[in-house]
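Reading through the structure tokens given below for one structure.
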Amino acid sequence: MPDFTRLTLEHLDTAVILLDEASRVSYLNPAAENMFDVSGKSLLGHALLTIFAEAAQLDEAMQRALHNNDSYIEHDLTLTTHTHNKLHLRCTVTPLRLERSGLLLEFHTVDRSLKLAREEQMLDQTQANRLLLRNLAHEIKNPLGGIRGAAQLLEQELEKPELHEYTQVIIQEADRLRALMENLLTPQGHVQHSALNIHEVLERVRSVMLAE
């Protein structure tokens with residue numbers, strides 16, 4: 001490695017590790033030594049994954065970068081060091097195609113409190129979306145009752161029995177939408193499986209198509 005390049009890497013706050021074509025450590029900068037509490041000299045020539053107690057995510061990130069021959073970023077990487085220290089990091093893996101093939105790994109610490117804040121924000125957004133759906137379901141349920149009632153009154157006024165099929169389609173569709181709204185308003189439990197007559201479904205589709 002040229003002296004200027006080495007000097008630049010050694011003054012970076014970003015933890016940098018260089019691997020050879022066999023995924024063995026060829027260089028660690030001081031930031032990486034501090035982050036992982038290791039000595040660069042003692043790791044040279046050793047497989048990177050052997051220095052961690054748990055590194056499945058890192059291995060997957062490296063494989064993806066090699067497979068796609070492009071940089072891959074793992075935004076939520078968890079590594080357990082040999083001292084059983086669990087680190088939460090963001091890692092960028094970049095394949096190198098210079099004089100020799102290999103990988104360039106860059107590690108940035110992820111502030112735990114920031115991660116928790118993001119998770120709380122996502123939870124708040126999910127709850128807000130759920131409340132919006134519940135309010136929307138309430139607004140839809142009321143007109144459905146009016147549509148169903150009007151269809152029943154219309155059915156009573158129709159003189160031709162064959163026209164009742166159309167009002168029944170309106171009533172059944174209103175009931176179906178009402179059941180859908182009820183599902184949105186009630187907590188979701190386990191999915192219940194039941195037998196289904198496919199002929200009834202096909203007949204229902206035929207009725208809807210005729211009504212259109």
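Bear in mind that the values in this text are calculations on the coordinates, not laboratory data. Just so it is clear, the model here is predicted, and its values are computed rather than measured. FYI the Cβ positions are ideal-geometry reconstructions off the backbone, even for glycines, and counts take in every protein chain you see.
Okay, here's what the table says:
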{"item": "Angle in degrees between helix 164-185 and the longest Cα principal axis of the chain, rounded to the nearest 10", "result": "40"}
{"item": "Debye log10 I(q)/I(0) for the chain, one point scatterer per Cα, at q = 0.08 Å⁻¹", "result": "-0.58"}
{"item": "Theoretical ellipticity at 222 nm over the chain - DSSP helices of four or more residues, -39500 (n - 2.57) apiece, nearest 500", "result": "-18000 deg cm²/dmol"}
{"item": "Rounded tilt (10° steps) of 112-157 against the dominant C-alpha axis of the chain", "result": "10"}
{"item": "Order by protection proxy (mean Cβ within 10 Å, highest first), peptides 170-183, 120-133", "result": "170-183, 120-133"}
{"item": "Inter-site label distance for Leu133 and His84 at 7 Å from Cα along Cβ, in nm", "result": "4.2"}
{"item": "Cβ-Cβ FRET estimate between Asp70 and Ala117, R0 fixed at 35 Å, reported to 0.05", "result": "0.70"}
